[in-house]
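Report on one structure; see the data block that follows.
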Amino acid sequence: MANTSIDGLALQGGRLHSMSEPNFSSMRDGLTTFYAGTVDSPWIAYFGGDYTVNDNVGISLYTSRLKVPGISTTPAPR
């Protein structure tokens with residue numbers, strides 16, 4: 001998904017559930033990193049944006065989350 005309704009600002013976000021290597025056409029493979037191999041994860045999500053200040057200056061900020069089964073990201077109660 002992308003949004004460019006504010007002049008100079010482009011927001012993007014998405015969620016990937018599977019992927020394939022460039023030399024395969026199947027999109028039923030699990031998530032794979034090119035530096036660590038196959039990752040046991042049901043999805044990865046990302047969000048971020050690019051802001052153009054002027055012709056010479058631009059800012060980009062992105063974040064992502066890799067869902068790992070069995071690991072909770074909910075903070076422990078105090």
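Throughout, read-outs are computed from the coordinates displayed, never taken from laboratory work. No experiment lies behind these values; they were computed from the predicted model shown. Cβ coordinates were reconstructed from backbone atoms using ideal geometry, including for glycine residues, and neighbour counts include every protein chain displayed.
Some observations on this one:
- Note, ³J(HN,Hα) from phi for region 48-56, Karplus 6.51, -1.76, 1.60, rounded to Hz, x at Gly and Pro: x, x, 10, 10, 9, 6, 7, 5, 10
- Electrostatic tally near Lys67: other residues with Cβ closer than 12 Å to its Cβ, Lys and Arg +1, Asp and Glu -1, net +1.
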